[in-house]
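For reference, the structure is listed below as structure tokens.
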Amino acid sequence: MRRFTALELIEIGESGASLGPAGRGLLLLTAGGWPRDAAEALPVGARDWALFALREAQFGARMEVAQACTDCGEAMEYALTAADLRRDAPAGEGDLTAIVDGVRVRAINAGDLAACERAPDTATARKMLRALVAPDGAAIGDDRLDTILANLDTDAELDIAAACPACGEEQPLAFDVAAFFWDELALRVPRLLDDVADLAHAFHWTEADILGLPAARRNFYLSRVRA
């Protein structure tokens with residue numbers, strides 16, 4: 001997978017500003033070369049594997065994760081890789097389905113998540129999701145459907161635990177690679193815009209010229225301007 005250019009990072013950030021995590025995940029995949037229809041059809045586990053691979057191509061394998069201990073409030077920071085999370089090999093793709101009491105149920109896909117997060121509230125989103133994955137499944141209770149969906153796509157949920165260095169309490173963390181990847185990108189966009197502002201002011205170059213520079217050369221000029 002190729003790396004995004006500086007201009008692409010800025011454009012992706014602008015395009016996804018009004019989207020939720022699932023919509024941003026799809027935006028990242030399409031920017032990385034996935035056809036929109038193919039990205040939307042990915043079961044959630046396969047979508048996450050694709051996002052892990054795309055993220056590594058942009059920012060490297062190491063992921064710096066931070067959270068506060070829910071027990072003592074201590075800040076916890078630790079490094080992870082996709083291999084640590086067992087997300088370095090492709091997850092199952094395709095239309096994962098099951099027949100339950102004569103009702104066809106399929107795994108949640110990336111397009112489902114993006115559509116449902118546009119719902120006005122959680123209850124409406126849940127109804128929308130149910131209608132998408134089990135349109136004829138009125139007789140299947142919500143709890144049972146949740147179990148079926150979890151078994152269909154075992155890679156859809158990624159829960160990890162880390163021990164707090166201060167109190168030793170183990171902290172659960174539901175790791176959302178789409179949100180994490182987006183946060184990393186969002187941190188870089190203002191820095192790139194600051195680079196453009198400083199170099200344009202100093203040299204009267206255009207935005208396109210500045211963002212078209214290799215990163216090492218752009219940083220060289222910035223070191224002179226900011227000295």
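All of the numbers you see were taken from the coordinates with simple rules; none came from a lab. Only a predicted model underlies this, so the values are computations on that prediction, with no experimental measurement involved. No Cβ is skipped: glycine too gets one built from the backbone with ideal geometry, and neighbour counts run over all protein chains shown.
Annotations for the structure displayed:
- Pairwise label distance in nanometres, GLU8 with GLU207, each label 7 Å out on the Cα-Cβ vector: 1.9
- Cα long-axis angle, helix 177-203 against the chain (0 to 90 degrees, to the nearest 10): 20
- Estimated vicinal HN-Hα couplings, Hz - segment 54-69 in sequence order (Karplus 6.51, -1.76, 1.60; Gly, Pro = x): 5, 4, 4, 5, 7, 10, x, 6, 6, 10, 8, 10, 9, 7, 8, 5
- Projected label distance in nm at ASP37 and VAL100, using a 7 Å step from Cα toward the beta-carbon: 2.9
- For LEU54, net neighbour charge (Lys/Arg +1, Asp/Glu -1) across residues whose Cβ lies under 14 Å away: +1
- Each residue of segment 96-112 was assigned a 3J(HN,Hα) from its phi angle through the Karplus expression (A = 6.51, B = -1.76, C = 1.60, θ = phi - 60°), giving 6, 9, 9, 10, 10, 6, x, 9, 7, 10, 10, 5, 5, 10, 4, x, 4 Hz with x at Gly and Pro.
- Highest-fluctuation residue, PHE180, PHE59, PHE203 considered, GNM on the chain with Cα pairs under 10 Å: PHE203
- Correct option for Cα extents along the principal axes in Å [calculated from the coordinates] among (i) 114, 39, 29; (ii) 78, 41, 29; (iii) 70, 46, 34: (iii)
- Amide H contacts of MET76: GLN67, ALA68, CYS69, each under 5 Å away and 5 or more positions distant or on a separate chain (H built 1.01 Å from N in the peptide plane; Pro and chain starts excluded).
- The length gained on full extension between ILE160 and GLU117, counted as 0.36 nm times the residue separation minus their Cα-Cα distance, comes to 13.1 nm.
- Options SER223, LEU9, THR97, ranked by Cα towards positive dipole end of the chain, top entry (Cβ charges): SER223
- Amide H to amide H, with H built 1.01 Å from N, VAL100 comes under 5 Å of VAL105, counting only residues 5 or more places away or on other chains.
- A cut-off under 14 angstrom between Cβ atoms defines the neighbours of ASP195, and their net charge, with Lys, Arg +1 and Asp, Glu -1, is +2.
- Rounded to the nearest 20, the size of the Cβ-charge dipole of segment 84-227 about its Cα centre is 600 debye, with Lys and Arg at +1 and Asp and Glu at -1.
- Computed 3J(HN,Hα) for segment 34-42, one whole-Hz value per residue from the Karplus formula 6.51 cos²θ - 1.76 cosθ + 1.60 where θ = phi - 60°, is 6, x, 4, 4, 5, 5, 5, 7, 5, glycine and proline marked x.
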